[in-house]
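The values are calculated or read from the model by the stated rules, or taken from the named source; none is laboratory data. Computed from a prediction, not measured in an experiment: that's the story for all the values here. Ideal geometry is used to build each Cβ from the backbone, glycine not excepted, and the neighbour counts take in all protein chains shown.
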Amino acid sequence: MDEDCDYLFKLVLIGDSAVGKSNLLSRFALNEFRLDSKPTIGVEFAYRNVVIADKRIKAQIWDTAGQERYRAITSSYYRGALGTLLIYDVTRRGTFENVGRWLEEVRSHGDSDMVVVLVGNKSDLEHAREVQMKEGQNFAEREGLHFIETSALQKTNVEDAFMTMITQIHNLTT
Ligand code: GDP
Ligand code: MG
């Protein structure tokens, strides 16, 4: 274990291609946003240190590098992961319809007590919205997930999405 932290949490990002996974990560870890999408040049993971209840937590957050096709993500991606952001795009209904499949995959590959936060991203594109907030909320409630809408572009709730996941893990593991 690193000497500069008390806990290391492995976290993973999942969801269909182009929902904004890489931008949510770069916003949280680097405070950067990219207008273009470069799926093949995706980083493998990024770190950010946070402090919760006097404990220094190093969040190691894994991003897919374009393997979003169903079942193309291998179990090593999920191995040891304590939490996941399951992301869809509020402007593309199909990405919301696939959330159930992603959840199945998380539940079959991941630990049974993995913390899952359902994230509806691109909330800034209100004029193009195809999925209502209530639909995301209802799904999350039925499945026992946390839920939040974000905009990686406008920085809305990005910090909250990651911190909800990290705080919940902290509460479960310490
Ligand atoms: P990934 O394939 O899931 O990693 O998605 P990316 O992060 O590469 O984003 C896909 C595209 O959506 C890119 O053109 C981004 O600029 C755009 N994008 C990502 N997040 C947002 C957002 O919150 N709002 C808007 N308007 N566009 C976004
Ligand atoms: Mg990406």
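Things worth noting here:
- Among the residues of the range 115-144, those that are closer than 18 Å to E104 by Cα, buried (at least 20 other Cβ atoms within 10 Å of the Cβ) and hydrophobic (A, V, I, L, M, F, W, C) comprise V115, V116, V117, L118, V119, A140.
- Residue count for the range 137-160, restricted to those that are touching a residue at least 40 places away in the same chain (Cβ under 8 Å), closer than 18 Å to N31 by Cα and more than 11 Å from ligand 1 (Cβ to nearest atom): 1.
- Total residues in the range 114-136, condition part of a strand (DSSP E or B) and touching a residue at least 40 places away in the same chain (Cβ under 8 Å): 4
- When the residues of the range 26-64 are filtered to those that are out of contact with any Gly (no Cβ under 8 Å at 6 or more places or on another chain), among the β-branched types (V, I, T) and within 12 Å of ligand 1 (Cβ to nearest atom), the one that is modelled with the lowest pLDDT is I41.
- Within the range 94-113, residues that are modelled with pLDDT under 95 reach partners that are part of a helix (DSSP H, G or I) and surrounded by fewer than 18 Cβ atoms within 10 Å (Cβ to Cβ) with beta carbons closer than 6 Å, at six or more positions or on different chains, in the pairs H109/S75.
- L153 being closer than 26 Å to A53 by Cβ and within 16 Å of ligand 2 (Cβ to nearest atom): no
- Some residue of the range 100-110 being among the basic types (K, R) and over 16 Å from the mean Cα position of the chain (by Cα): no
- Considering the conditions (1) assigned to a helix (DSSP H, G or I); (2) in contact with a Phe, Trp or Tyr (Cβ under 6 Å, 6 or more places away or on another chain); (3) modelled with pLDDT of 95 or more, N23 is excluded by exactly one of them, (3).
- Single unsatisfied condition, I169 versus (1) surrounded by fewer than 17 Cβ atoms within 10 Å (Cβ to Cβ); (2) assigned to a helix (DSSP H, G or I); (3) not hydroxyl-bearing (S, T, Y): (1)
- Residues satisfying the stated conditions in the range 137-152, i.e. part of a loop (DSSP other than H, G, I, E, B) and under 15 Å from the mean Cα position of the chain (by Cα): L145, A152
Yes/no per residue for (1) among the hydrophobic types (A, V, I, L, M, F, W, C); (2) part of a loop (DSSP other than H, G, I, E, B); (3) surrounded by 19 or more Cβ atoms within 10 Å (Cβ to Cβ):
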{"position": "G80", "(1), (2), (3)": "no, yes, no"}
{"position": "T84", "(1), (2), (3)": "no, no, yes"}
{"position": "R101", "(1), (2), (3)": "no, no, no"}
{"position": "S108", "(1), (2), (3)": "no, no, no"}
